[in-house]
């Protein structure tokens, strides 16, 4: 096998700045997905039939279609609806929506296994429902679901590479461009894989640290 | 005194076809300690939870110091249900202590105690923290301020839970089997502590299986059976000379199972 170490090494100086694009997209999508997932979770507990029904349909649609298709739908669909979005914006929204669905499913599982006692204690003290959500339920829930949540966040990072199909110049697309000029696709793609892997390694390590730090507060 | 501190009238609650409370009426005077006893499933816990509307009763009324909570008779004779907001406002008049402590695991001991007064009563943090530290010192928990509940023993958790309820400066305290989740050797510690609280003049309604405790600490004992008050009266009378055959049977069973915790020795 012929592997050109030099071409492999040369790919990194171009891929690293591109990784910044992936990171920015990922952080934006993570933030939106966490907010979206949390809002969906709270809405689903309201017991309003129409609302929970609509959310249910959305969940099964997002879970039942490939994220690549969803990205295309956002890229071509939102401008058609009159929303003038850059490819990056459309991509962030597509990934964020997809991920909110998975996060709300993780949160629902976490909620189901949670002890209702601390909530009752808050009710007994006269704490309002809204404050119970923000101060009692959600903090405990986030601590509880941290491992699957970190897993979902790494999925977001991997999803950013898919935005290469809607002209976003991120790590994968940069690697393809390098390959087009060097005719060394394997080297460039392996380098791209390593760069994305490094991003996710950092995220999962950070997740593990937070988990350790909050271990005492899991109860 | 013109009216009792707690007045429960004709309280009723069903879960589907299962009737938990049929028709419960009793009163508790300020400073009184009342123990509620009865066999499992007799509605003791439901009764306590209905008093502060953790569970909404289907019928009857609860008045604390003359103020209705939850269901309220209107001037036209119709019963009106108060808004959740109003019920939330009234709940802090009653402190509630749970069998499973129900501390907030993600908050330190100090925060567990201070959050209620700060968030609900909008009292200044500085004053609340001073009060919380004083409560912890009084409860033998000085130095545990920054610990998380997971680092505490069962007895310590229950004392923190009691401190959390007391920090709201309630008019009365409701205890739902406060020692049932504790290791046997810790039960006595918490019971002695409850006795001290009773001696300090706090009005207390305690659902308990600790007959020895009820005998020594309660002013009055209420025996629930089948969702009704089957017998009530001064502790010595109800426990020493029970009239109701079900109560006699119940007391006999309890004595067979476990000797009551010895509370005849004062704690200090």
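Read-outs throughout are calculated quantities, based only on the coordinates presented, and are distinct from any laboratory measurement. Everything numeric in this text was worked out from a predicted model, so none of it was measured. Neighbour counts are summed over all protein chains in view; Cβ atoms, including those assigned to glycine, are modelled from backbone coordinates with ideal geometry.
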**Complete:** Mean Cβ-within-10 Å packing, highest first, puts peptides B:130-139, B:98-107, A:55-64 in the order B:98-107, B:130-139, A:55-64
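Quantify how strongly other chains surround peptide A:128-140 by giving the mean number of their Cβ atoms within 10 Å of each of its Cβ atoms.
On the way: counts 6, 3, 0, 4, 1, 0, 0, 6, 5, 0, 1, 4, 4.
Other-chain Cβ atoms within 10 Å of each residue's Cβ, averaged: 3.
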**Prompt:** On the first, second and third principal axes, largest extent first, how far apart are the outermost C-alpha atoms of the range B:128-268 in Å?
**Reply:** 51, 30, 30
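Given the peptides A:73-80, A:44-51, B:23-30, arrange them by the average over their residues of other C-beta atoms within 10 Å, most packed first. Mind showing how you got there, number by number?
Working: A:73-80: 14.9, A:44-51: 10.6, B:23-30: 17.2.
Result, highest mean first: B:23-30, A:73-80, A:44-51.
Calculate how large, on average over all directions, the projected area of the Cα convex hull of the range A:61-121 is; give the answer in nm² to one decimal.
Working: hull surface 23.5 nm².
Its average projected convex-hull area is 5.9 nm².
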**Request:** With everything on Cα atoms, drop me the angle between helix A:49-64 and the longest principal axis of chain A, reported from 0 to 90° to the nearest 10.
**Result:** 30 degrees
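Express as a percent, rounded to the nearest 5, the fraction of DSSP beta bridges in the protein assembly as shown (both residues included) that run antiparallel.
Values: 24 of 42 bridges.
So the antiparallel bridges amount to about 55 percent of the total.
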**Message:** As a test, work out the antiparallel percent of DSSP beta bridges whose residues both lie in the range B:6-257, rounded to the nearest 5.
**Reply:** 55 percent
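Let me know the mean shielding of B:96-104 by other chains, meaning the per-residue number of their Cβ atoms within 10 Å of its Cβ.
Working: counts 5, 2, 5, 1, 6, 3, 9, 4, 11.
That average works out to 5.
Calculate for chain A the 222 nm mean residue ellipticity that helices alone would give, adding -39,500 (n - 2.57) per DSSP H run of length 4 or more and normalising by residue count, nearest 500 deg cm²/dmol. Don't skip to the end; give the middle numbers.
Values: 9 runs with 167 residues, N = 219.
One gets -26000 deg cm²/dmol as the mean residue ellipticity at 222 nm.
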**Prompt:** By what distance, in whole Å, do the Cα atoms of the range A:103-219 stretch along each of the three principal axes, largest value first?
**Reply:** 69, 29, 18
**Request:** Would you mind getting the Kirkwood hydrodynamic radius of the protein assembly as shown from its Cα pairs, rounded to one decimal in Å?
**Result:** 26.5 Å
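If R₀ is 45 angstrom, what is the calculated FRET efficiency for the pair residue B:181 and residue B:86, using the beta carbon separation as r and rounding to 0.05? Please list the in-between numbers first.
Numbers: r = 32 Å, r/R0 = 0.71.
Once the sixth-power term is evaluated, E becomes 0.90.
Other chains near A:209-219: what is the mean number of their Cβ atoms within 10 Å of each residue's Cβ? Show your work: numbers first, answer last.
Numbers: counts 0, 0, 0, 0, 0, 2, 2, 8, 8, 4, 8.
For peptide A:209-219, the averaged partner shielding equals 3.
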**Prompt:** Rounded to the nearest 500, what is chain B's calculated 222 nm mean residue ellipticity when only DSSP H runs of at least 4 contribute -39500 (n - 2.57) each, over all residues?
**Reply:** -10500 deg cm²/dmol
**Request:** Take the alpha carbon atoms of the range B:52-117, find their center, do the same for the range B:1-49, and report the distance between the two centers in whole angstrom.
**Result:** 15 Å
**Request:** Work the Kirkwood hydrodynamic radius out for the range A:5-217: mean of 1/r over every pair of different alpha-carbon atoms, inverted, in Å.
**Result:** 19.0 Å
**Fill in**
The alpha-carbon pair-distance distribution computed for the range B:6-257, with 10 angstrom bins and whole-percent values, is 7, 30, 35, 22, 6, 0
